[in-house]
1. Any chance you could run the full-extension gain for residue 108 through residue 168? It's 0.36 nm times the residue separation minus the Cα-Cα distance, nm to one decimal.
2. In whole percent, how big is the carbon plus sulfur part of the accessible area of the chain, probe 1.4 Å, protein atoms only?
3. For helix 100-111, report the angle its Cα long axis makes with the longest principal axis of the Cα atoms of the chain; keep it between 0 and 90° and round to the nearest 10°.
4. By the gyration tensor of its Cα atoms, with a ≥ b ≥ c the square roots of the eigenvalues, what is the shape of the chain: rounded for a/c under 1.5, prolate for a/b over b/c, or oblate?
5. Rounded to the nearest 500 deg cm²/dmol, what is the calculated helix-only ellipticity per residue at 222 nm for the chain, with -39500 (n - 2.57) per DSSP H run of length n ≥ 4?
6. Just grab the label-to-label distance for residue 51 and residue 36, each label 7 Å out from Cα along the Cβ direction, in nm (one decimal).
Amino acid sequence: MPRRYDPARRQRIIDAAIRVVRTKGIAGLSHRSVAAEADVPLGSTTYHFATLDELMVAALRQVNEGFAEVLTASDPSRDAEGDLAAELARALGEWLGGDRASVELEYELYLAALRRPALRPVAAEWTEETATRLAERTDPVTARALLALMDGICLQVLLTGARYEEEYAREMFARVMGGPVTSPPRRPGVPWPGT
């Protein structure tokens with residue numbers, strides 16, 4: 001029987017891996033679970049991705065596009081005179097206010113790099129690309145600080161289930177950038193607004 005050519009199979013496998021991680025977490029990811037989800041033979045998953053790390057790298061690259069698309073749509077680097085803090089707060093709110101399962105999935109794969117060194121270069125690429133984009137509006141050190149703050153806010157919202165507060169985020173971004181502060185500083189230990 002001749003082998004059937006299926007140019008979309010690799011992409012279907014990546015999409016299936018993302019669905020498996022979304023529903024079962026990284027612990028539920030295996031070549032077998034992905035093959036079943038993609039409705040392809042097990043050999044197809046190992047043909048396209050010899051290891052789970054290779055498959056996770058492809059999945060992380062694809063899900064990283066989610067926040068990148070939100071940033072591109074708001075393009076905080078385009079208006080040098082605009083309020084970068086407000087633009088970042090708005091973009092973060094749009095992303096966190098969208099499909100929460102997708103945001104959680106992106107962070108789960110991103111944080112998997114802690115235990116899976118193969119994922120670290122993909123996480124670093126995303127960090128570099130985003131920091132470079134932010135540095136067009138500020139200096140490189142401040143850009144990295146803004147990125148760290150964005151990660152921290154996202155993790156707090158995701159882990160605590162708190163409601164995202166755009167104005168609070170804008171205020172924190174403005175502080176990192178040394179801009180005008182419009183509210184008194186928060187006391188240490190005070191929970192994220194909305195908790």
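The values are calculated or read from the model by the stated rules, or taken from the named source; none is laboratory data. This structure is a prediction, so every number in the text was calculated from the model and none was measured. Virtual Cβ from ideal backbone geometry, glycine too; neighbours counted across all protein chains shown. In case anyone asks, the SASA skips ligands and DNA or RNA and just uses the protein heavy atoms, side chains included. Shrake-Rupley method; radii C 1.70, N 1.55, O 1.52, S 1.80 Å.
1. Numbers: separation 60, 0.36 × 60 = 21.60 nm, distance 2.49 nm.
Value of the extension gain: 19.1 nm.
2. Values: 5840 of 10660 Å².
Exposed carbon and sulfur together represent 55 percent of the surface.
3. So the helix axis and the longest Cα principal axis differ by about 80 degrees.
4. prolate
5. That comes out to -21000 deg cm²/dmol.
6. Computed distance between label sites residue 51 and residue 36 equals 2.5 nm.
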